[in-house]
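Everything on this sheet refers to the single structure shown next.
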Amino acid sequence: MFGIGMQELVLILVICLLIFGAAKLPDIAKNLGKGIKAFKKEIKDDTDKEK
């Protein structure tokens with residue numbers, strides 16, 4: 001996955017925990033998921049309009 005190993009992913013998670021705190025991470029993940037979902041929907045709608 002993008003040349004990132006397990007150790008790097010754990011390090012990134014630990015840094016996120018230190019910066020944002022454990023209570024905020026679920027909210028951040030939920031908002032990120034909503035953003036990705038909206039982005040995919042817009043891309044799909046745009047490609048459907050071109051056809």
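Key figures
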| read-out | value |
| --- | --- |
| Selection status of residue 28, of a type in the set (Val, Ile, Thr) and in contact with a helix residue (DSSP H, G or I) (Cβ under 8 Å, 6 or more places away or on another chain) | yes |
| The one condition in (1) under 17 Å from the mean Cα position of the chain (by Cα); (2) in a helix (DSSP H, G or I); (3) at pLDDT below 90 that residue 37 fails to fulfil | (3) |
| Scope region 1-34; condition surrounded by 10 or more Cβ atoms within 10 Å (Cβ to Cβ), assigned to a helix (DSSP H, G or I) and of a type in the set (Val, Ile, Thr); matching residues | 10, 12, 14, 15, 28 |
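The values are calculated or read from the model by the stated rules, or taken from the named source; none is laboratory data. Just so it is clear, the structure is predicted and the values come from calculations on it, not from any experiment. Reconstructed Cβ throughout: ideal geometry from the backbone, glycine too, with neighbour counts over all protein chains shown.
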